[in-house]
Amino acid sequence: MKFTTNRDNLLKPLQLVTGVVERRQTLPVLQNILVSADDNGLSLRGTDMEVEMVAQASEGVTVVRPGETTISARKLSDIWRALPDGAEVSIEVHDDRAVVRSGRSRFTLSTLPASDFPGLDSTAADTEFNIARGDMQRLVRQTSFAMAQQDVRFYLNGMLLEVTDQHIRSVATDAYRLAMCTLSQGVAGVERIRAVVPRKGVLELARMVADNDEDVHCAIGKNYLRARQGPFSLGTRLLDATYPDYENVIPPMPDNRFVADRETLRSVFGRVGILSNEKYPGVRLGMEADVLTVQANNPEQEEAEEEVAVEYGGEKVEIGFNVAYLQDILGVLDTDSVRIAVSDSESSALIDGPGAEHSVYVLMPMNL
């Protein structure tokens, strides 16, 4: 196998494909990426047997001799990044060695047979649909931060993607907070499909759609999801689990609610949170007559307090929250204002952006 290309043509494909490859693998070939060259151009594939990324490249690639092999993902990616912008590069494979040449540089890498590289089994799709790149970004960005990490309830270590003929919705929760984003576009003929996408698949999907304006084509099967966007394709196994009944967790809009400028409130939480308990970073919110008082203290008897002008006409309420969780929510909302509503000091808060009900957040209170 031999091909030539410009360094810049393969930089993003290599970064995306290498992103799914784990550094520590029981199978050595899984530390490699599959490189295939034919008359149609170049194909790069990486997998950890749960998530798979494929990148196609044809423009600016000259295939001198077709073939395929597997090359260390990290080493090839590191070499590629280290080459100067615009450099012309060739890769030639002989026996079990791949030689990378660019200018006066030469790198000789070990390879493993392409026949050893595993594929990711997939089932036939139950539904397929196209979604605008911006909408897919919104579904992921506004909910994925609430996914759990390494929770024994493994279904929490992922994001629910729900498709009906009325909506496409994403939901994530770690049992302390819940995030939901709904697009008011459905898929005709679909009654209800629920796919629990694992955390890594969600994060790699976000990376894939970050810099490409093309629509995303999604195919969902019984245990598999594939998302294609232009020359890139992400495949991921789905978590075999029943997701919690999230709709019962979302309370009706409480009467005690205030509206504030989102960036102002975010800055206040950032300042006051400096003196919160490092292990349990909580802040206390006191609401009364168009004023919100934000307080924090720590075991060293240090305190911080700041008042914020808000729109509030409810009862006097004091309630505590994890300030990091509040900041996460304010960081992904795409509205100028934020609305926080509570029933009392012991009930969950409902948070959204006024006039932008497509994103809703539920946050458990914290004892301070």
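Points worth noting:
- Residue ID - surrounded by the most Cβ atoms within 10 Å (Cβ to Cβ), chosen from residues in the range 110-146 that are modelled with pLDDT of 95 or more and in contact with a Lys or Arg (Cβ under 7 Å, 6 or more places away or on another chain): Ala146
Residue by residue, here is whether (1) of a type outside the set (Val, Ile, Thr); (2) in contact with a Ser or Thr (Cβ under 7 Å, 6 or more places away or on another chain); (3) closer than 30 Å to Pro198 by Cα holds:
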residue	(1), (2), (3)
Met1	yes, yes, no
Val35	no, yes, yes
Ala73	yes, yes, yes
Ser105	yes, no, no
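- Residue within the range 233-241 that is over 22 Å from Tyr176 (Cα atoms), loosely packed, with under 15 Cβ neighbours inside 10 Å and among the basic types (Lys, Arg) present: no
- Restricting attention to the range 289-316, the residues that are over 18 Å from Ser337 (Cβ atoms), over 35 Å from the mean Cα position of the chain (by Cα) and either assigned to a strand (DSSP E or B) or not assigned by TED's automatic domain parsing to the domain that holds Ser267 (or both) add up to 1.
- Scanning the range 79-103 for residues that are over 13 Å from Phe3 (Cα atoms), out of contact with any Phe, Trp or Tyr (no Cβ under 9 Å at 6 or more places or on another chain) and either in contact (Cβ under 8 Å) with a residue 12 or more places away in the chain or part of a strand (DSSP E or B) (or both) turns up Trp80, Arg81, Leu83, Pro84, Asp85, Gly86, Ala87, Asp96, Arg97, Gly103.
- Selected residue (criterion: surrounded by the fewest Cβ atoms within 10 Å (Cβ to Cβ)) from residues of the range 253-288 that are of a type in the set (Gly, Ala, Ser) and outside any helix (DSSP H, G or I): Gly286
- Identification of strands (runs of 3 or more DSSP E) wholly contained in the range 1-78 with 3 or more residues that are modelled with pLDDT of 95 or more and under 26 Å from the mean Cα position of the chain (by Cα) yields 32-38, 41-47, 51-57.
- Just one residue in the set Arg153, Arg228 is among the charged types (D, E, K, R) and within 17 Å of the chain's Cα centre (by Cα); that residue is Arg228.
- When residues of the range 235-272 are limited to those that are in contact with a helix residue (DSSP H, G or I) (Cβ under 9 Å, 6 or more places away or on another chain) and polar (S, T, N, Q), the one modelled with the highest pLDDT: Thr236
- Scanning the range 21-33 for residues being out of contact with any Leu (no Cβ under 8 Å at 6 or more places or on another chain) and either of a type in the set (A, V, I, L, M, F, W, C) or surrounded by fewer than 17 Cβ atoms within 10 Å (Cβ to Cβ) (or both) gives a total of 6.
- One residue stands out among those in the range 151-192 that are among the β-branched types (Val, Ile, Thr) and modelled with pLDDT of 95 or more: the one that is nearest to Asn322 (Cα to Cα), which is Thr173.
- So Val216, is it at pLDDT 95 or above, buried (at least 21 other Cβ atoms within 10 Å of the Cβ) and among the β-branched types (Val, Ile, Thr): yes
- Pairing residues of the range 104-126 that are outside any loop (DSSP other than H, G, I, E, B) with residues that are among the aromatic types (Phe, Trp, Tyr) and surrounded by 13 or more Cβ atoms within 10 Å (Cβ to Cβ), at Cβ distances under 9 Å and at least 6 apart in sequence or on separate chains, gives Ala125/Tyr224.
- Residue check for Glu357: outside any loop (DSSP other than H, G, I, E, B), out of contact with any Lys or Arg (no Cβ under 8 Å at 6 or more places or on another chain) and closer than 23 Å to Ala172 by Cβ: yes
- Meets criteria (closer than 21 Å to Ala175 by Cβ, at pLDDT 95 or above and in a strand (DSSP E or B)) for Ile319: yes
The values are calculated or read from the model by the stated rules, or taken from the named source; none is laboratory data. Because the structure is a prediction, the values reported are computed rather than measured. Cβ: placed from backbone, ideal geometry, glycine included. Neighbour counts: every protein chain shown.
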